1. At pLDDT 85 or above, surrounded by 12 or more Cβ atoms within 10 Å (Cβ to Cβ) and within 16 Å of P84 (Cβ to Cβ), is that true of L64?
2. Do we have V79 as β-branched (V, I, T), more than 30 Å from D15 (Cα to Cα), crowded, with 17+ Cβ neighbours inside 10 Å and touching a residue at least 12 places away in the same chain (Cβ under 8 Å) here?
3. Of the residues L55, L68, which is closer than 25 Å to T16 by Cβ and in a helix (DSSP H, G or I)?
4. Please go through segment 87-124 and pick out each residue that is of a type in the set (V, I, T), modelled with pLDDT under 90 and over 19 Å from G44 (Cα atoms).
5. Check A109 against each of (1) surrounded by 13 or more Cβ atoms within 10 Å (Cβ to Cβ); (2) assigned to a helix (DSSP H, G or I); (3) in contact (Cβ under 8 Å) with a residue 60 or more places away in the chain and name the one condition it does not meet.
Amino acid sequence: MMFPMMLHHGECIFDTVWAMRIYMACIFSLGFQLACQQTFMTLGQAKVSLLLACLRKLILLIPLIFILPLFFESKVFAVFLAEPVSDIIAAVVTVTVFFTRFDKILKKARRKSDRSERKNIPRV
């Protein structure tokens, strides 16, 4: 209902395209963050996964919405810019945490499975 009304206003279309280009500029990085975050969940690291999930929207985006307008003349541009900036920072942090912790988590899981296998071996 609202979209046909918007089609008749060229300025509205122009503003929407402008805003979407900024807002979605770094959406590709979301794939990296979600993949690493879900891997932590799968490996039984729910606390790490929850922290990384909150990182993007709560820890980064909300403060950036208030901080970035202090540095830009266009306040609207600064608010829209907060989304791609938080996406990139969250993706970099998440991938870094993933690569630093992944081997440790796998080694811990292997030791745990080795111990459980030894317990299940029948003694003669």
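The values are calculated or read from the model by the stated rules, or taken from the named source; none is laboratory data. Predicted, not measured: the structure shown is a model, and the values here were computed from it. All Cβ positions, even for glycine, are placed from backbone atoms using ideal geometry, and neighbour counts span all protein chains on display.
1. Details: at pLDDT 85 or above: yes; surrounded by 12 or more Cβ atoms within 10 Å (Cβ to Cβ): yes; within 16 Å of P84 (Cβ to Cβ): yes.
Yes: the conditions hold for L64.
2. Numbers: β-branched (V, I, T): yes; more than 30 Å from D15 (Cα to Cα): no; crowded, with 17+ Cβ neighbours inside 10 Å: yes; touching a residue at least 12 places away in the same chain (Cβ under 8 Å): yes.
So V79 does not fit the description; no.
3. Only one candidate passes the filter, namely L68.
4. First, the residues of segment 87-124 that are of a type in the set (V, I, T): 88-89, 92-97, 100, 105, 121, 124.
Pick out the ones that are also modelled with pLDDT under 90 and you get 105, 121, 124.
The answer is I121, V124.
5. Evaluating A109 over (1) surrounded by 13 or more Cβ atoms within 10 Å (Cβ to Cβ); (2) assigned to a helix (DSSP H, G or I); (3) in contact (Cβ under 8 Å) with a residue 60 or more places away in the chain leaves (1) as the failure.
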